[in-house]
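The values are calculated or read from the model by the stated rules, or taken from the named source; none is laboratory data. What you see is a predicted model; the values in this text were computed from it and never measured. When we count neighbours, we look across all protein chains shown, and the Cβ atoms used for this are built from the backbone with ideal geometry, even at glycine. Calculation scope for accessible area: heavy atoms of the full protein, side chains included, ligands and nucleic acids excluded. Shrake-Rupley method; radii C 1.70, N 1.55, O 1.52, S 1.80 Å.
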Amino acid sequence: MKKVVNFIKDYWITALICVGFVLLYKYISDHKLFSALMFPPLKGIWESFVEDRDVTLLNLVSSIKLLIPSVAITLAIALGLGVLVGMNQRLRKILHPIIYAFSCVPSILLSPFVVLLSPTFWWASVILIVYGTVLFATITGIQAIDKRYLDNAATLELKGMKKFFKVILPAASPSILSGFVNSLRSSFVMLVYAEMYGASHGLGFYVKRYSTLGLYQKVWGGFVFMVLVLVIVMTFFERIKNRMLKW
């Protein structure tokens with residue numbers, strides 16, 4: 001009960017803002033301030049959402065099947081190459097500018113080349129999502145490790161995997177996890193973008209399909225559902241991050 005009360009105290013203003021957005025949309029829709037086609041009544045959006053709930057869930061499963069391996073590959077690259085580059089000063093000086101330069105290039109700009117060169121659309125989607133990797137955050141996190149930790153590790157003669165798991169990973173984990181959460185948001189955006197152009201299932205495909213057909217009550221239903229899914233996923237990983245960094 002106490003948690004519920006604290007939750008209400010923390011988010012009652014947020015709830016009011018969300019209600020305000022709904023009322024604003026209703027006002028725009030009822031008074032036809034903009035295109036009636038693009039802003040259908042709330043009742044129509046809700047009815048379309050209920051009608052397509054099975055299809056929406058099927059598309060959600062398809063999106064998750066694409067997102068999970070992409071995130072797994074992202075973490076493998078970040079923890080593997082990121083730790084290697086972060087701990088090797090010579091290698092870091094060589095590769096850090098290149099990694100930084102690529103991190104500034106939006107994935108969308110590379111999408112035509114990736115789609116053309118990839119063996120399948122699935123791999124093209126994975127590559128575009130993985131491109132927003134947390135590699136740069138991993139390297140930065142390892143660079144920011146207090147040298148006293150490394151000196152103490154050397155004094156205790158910690159080496160190899162023991163040094164990695166006992167000293168390096170815990171010290172760099174705040175930057176790595178923060179980078180991962182931010183990267184996850186970008187990955188979800190790229191997932192939707194990838195699904196909008198070439199996929200036969202997925203949340204992005206659902207929205208793109210019905211926007212092309214002009215059925216905007218379904219588009220709004222899919223859009224709201226995507227936002228809710230993203231909020232739930234981000235909240236879940238934020239809780240994991242906070243628990244892992246409880247120390």
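Is it true that ILE8 is modelled with pLDDT under 80, exposed (fewer than 14 other Cβ atoms within 10 Å of the Cβ) and within 16 Å of ILE129 (Cα to Cα)? Here the answer is no, as ILE8 does not meet what is asked.
The residues listed here are SER35, SER48, SER29; of these, the one that is among the hydroxyl-bearing types (Ser, Thr, Tyr) and under 20 Å from VAL227 (Cα atoms) is SER48. Residue selection: ALA15 fails the criterion of being among the small types (Gly, Ala, Ser) and more than 23 Å from LEU228 (Cβ to Cβ).
Screening the candidates ILE73, ILE77, ILE127, ILE108 for the property of being at pLDDT below 75 and out of contact with any Cys (no Cβ under 6 Å at 6 or more places or on another chain) yields one hit, ILE108. Per the listing PRO69, PRO97, the residue uniquely of a type outside the set (D, E, K, R), open to solvent by 70 Å² or more (accessible area, probe 1.4 Å) and without any contact (Cβ under 8 Å) to a residue 60 or more places away in the chain is PRO97. For the residues TYR193, TYR206, the requirement of being of a type in the set (Ser, Thr, Tyr), touching a residue at least 60 places away in the same chain (Cβ under 8 Å), within 21 Å of GLY44 (Cα to Cα) and out of contact with any strand residue (DSSP E or B) (no Cβ under 6 Å at 6 or more places or on another chain) singles out TYR206. Please specify each residue of region 48-76 satisfying the condition of being under 17 Å from VAL181 (Cβ atoms) and out of contact with any helix residue (DSSP H, G or I) (no Cβ under 6 Å at 6 or more places or on another chain). Result: ILE68, VAL71, ALA72, LEU75. With respect to GLY44, determine if the residue is touching a residue at least 60 places away in the same chain (Cβ under 8 Å), part of a helix (DSSP H, G or I) and either surrounded by 10 or more Cβ atoms within 10 Å (Cβ to Cβ) or at negative phi (or both). Taking the combined requirement at face value, the residue satisfies it.
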